Each structure stands twice: as C-alpha cells, then as structure tokens.
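> Here's a structure for you.
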Amino acid sequence: MGSEHAPLILIELVLVFGSVLVFAWWQLRSVERDRRETQRQREAEAAAAARASGEAGSPAQTTPPTTEDVNDDRAR
C-alpha cells in the first residue's frame with residue numbers, strides 16, 4: 001500500500017520543500033536589497049550633512065556660551 005503512493009508523496013515533498021526554499025531565498029533577497037537601500041540613504045544623508053556643515057559651519061565650530069549668557073538663562 002505504501003509503495004503505491006510513493007510517487008505522489010515524493011512529488012508533494014519536492015513541492016513543499018521547494019516552495020519553502022524559494023520563499024526563504026526570496027525573503028533573504030528582499031532583506032539584502034532593503035539593507036543596501038538603507039546604506040545608500042545613510043551615505044546620501046552623511047554626504048548632505050557634510051556639505052551643509054562645510055557651507056554653514058559645523059556646530060563644533062560655534063563659540064561656546066559666555067558667562068553672561070549662562071547667567072541670563074539662569075535669571076529667567
């Protein structure tokens with residue numbers, strides 16, 4: 001009785017496990033594509049920030065607050 005259904009069982013196993021493998025490959029491909037897109041966006045943002053800081057001056061180059069500024073803020 002078992003040998004009668006062997007080809008059908010084999011076909012079903014190939015279809016099920018093949019589908020799982022194809023789905024896993026598709027998901028990993030999608031994750032890799034999303035990771036690359038995120039990396040490109042971060043690089044573009046970093047380049048834009050570098051350009052902006054080069055044109056407007058970076059926050060590290062601004063002058064620190066004076067004692068008068070600090071005292072004025074405390075008085076408020």
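> Within the bounds of the stretch 58-66, is there any residue that is at pLDDT 65 or above, surrounded by 10 or more Cβ atoms within 10 Å (Cβ to Cβ) and in a helix (DSSP H, G or I)?
No, every residue in the stretch 58-66 fails to be at pLDDT 65 or above, surrounded by 10 or more Cβ atoms within 10 Å (Cβ to Cβ) and in a helix (DSSP H, G or I).
> Can you tell me which of Arg74, Arg40 is assigned to a helix (DSSP H, G or I), of a type in the set (Lys, Arg) and modelled with pLDDT of 90 or more?
Arg40
The values are calculated or read from the model by the stated rules, or taken from the named source; none is laboratory data. None of the values given here were measured: they were computed from a predicted structure. Note: ideal-geometry Cβ built from the backbone for every residue, glycine included; neighbour counts use all protein chains shown.
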